[in-house]
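The values are calculated or read from the model by the stated rules, or taken from the named source; none is laboratory data. Note that the structure is predicted; figures quoted are calculated from it, not measured. With ideal geometry, Cβ positions are generated from the backbone for all residues, glycine too; neighbour counts draw on all protein chains shown. Accessible surface areas use protein heavy atoms only, side chains included; no ligands, DNA or RNA. Shrake-Rupley method; radii C 1.70, N 1.55, O 1.52, S 1.80 Å.
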Amino acid sequence: MTDSTVRTVVDALDTRYPRNWAESWDRVGLVLGEFDHPVSRVLCVVDCVPETVEQAVDLGADLIVAHHPLFLKPVSSIAPDTYKGRIVHRLIRAGVALYTAHTNADVANPGVSDALAARLGLTGLRPLAPAEGAAAGDGRGLGRIGVLPEPLTLEKLTRLAAERLPATSAGVRSAGDPQRIVRTVAVCGGAGDSFLPDATRAGVDAYLCADLRHHPVSEHLAAGGPALLDVAHWASERPWLDDVAAWLRESFPVDVVVSDLDTDPWTVHANRDDLEIRP
Ligand SMILES: [Zn+2]
């Protein structure tokens, strides 16, 4: 165990999730925080938003490890009357550092999609889109493909996903024949529509990811592609927080808390079948 300061924890995170493994458009690493500040408590979150920042302040956390970047596009001001500027001021005033591991954690092995695959009990994991460039090799890549412990109909797999993933208002919806038998499954934490062709090429029976849309899904199914499961973005990436938290606890004498605050923007879901029809 090493002394825990922002610098030592950030160095270790950068070793586990090297910054040059991130996509070129991504922005990862330390966002703010004093390097010499001691770290005794860490909060792991998917999104650095006002609610999770308040959670960190209430817990007395010294560091937030977030999946999504706070700043992906350049800004010319962090004035406190802007949404993100207010977050920056709140964090600095409360002495909370902020670190992001995004596509460099997606591509890592183990990475974000391994934790998602584990929730479904998938085994024999391999990347859906093997990494190229700096991250290439050692089973790294985006998404994972694995085998279910026993074949399930799409309908049952949908229920299993709803049961095993963190609960959200959006829940889980699927596309394809509900009675289709599923043995092999591809998963991708976060928005996964760009890997629809990879899932088809891999010949899996079903592909689970977030943020799927009408036309790409219709066209994918019409072309004979695997059944699709669309889950809430937050729910698909929240399982990874347990993995990074366990590793932080093993590596440093720190208290690590995983945020279960659902930061998915969808808050209400209704089905006609759920409604009580009054005469
Ligand atoms: Zn994401």
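Some values worked out for this structure:
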item	result
Förster radius 41 Å - calculated FRET efficiency between residue 19 and residue 214, Cβ distance, rounded to 0.05	0.70
Crossing angle, helix 6-16 versus the chain [Cα axis fit, 0-90 degrees, rounded to tens]	30
Percent of C-alpha pairs per 5 Å bin, the range 121-279, short to long	2, 8, 15, 19, 19, 15, 11, 5, 3, 1, 1, 0, 0
With all protein chains modelled, accessible area of residue 84 [1.4 Å, Å²]	80
The range 81-156 - Rg and Dmax from Cα coordinates, angstrom	18.1, 53
Ratio Rg/Rh, restricted to the range 202-247 and using Cα atoms, in which Rh is the Kirkwood radius	1.13
Histogram of C-alpha separations across the range 144-204, 10 Å bin width, %	20, 54, 26, 0
Max mean-square fluctuation residue, GNM over the chain, Cα-Cα springs under 10 Å, options 59, 165, 212	59
Longest to shortest principal axis, alpha-carbon extents of the range 67-123, angstrom	48, 24, 16
Kirkwood Rh in Å, taken over all unlike Cα pairs in the range 189-279	16.1
Cysteines not pairable in the chain (beta carbon separation under 4.7 Å absent)	44, 48
On Cα atoms only, tilt of 83-94 relative to the major axis of the chain in degrees	50
For the range 21-68, alpha-carbon Rg over 2.2 N^0.38 Å	1.23
Rg and Dmax [Cα atoms of the chain; Å; Rg one decimal, Dmax integer]	19.7, 68
Solvent-accessible area per residue, Å², over the chain with all protein chains present [probe radius 1.4 Å]	49
Sulfur and carbon atoms: percent of accessible area, the range 71-189 [1.4 Å]	54
Ordering of 199-208, 254-263 by packing [mean C-beta count within 10 Å, highest first]	199-208, 254-263
Charge dipole (debye, nearest 20) of the chain; +1 at Cβ of Lys and Arg, -1 at Cβ of Asp and Glu	340
Calculated P(r) of the range 11-100 - Cα pairs past 23 Å, %	20
The range 169-279, relative contact order in percent, only Cα pairs under 8 angstrom and at least six apart counted	29
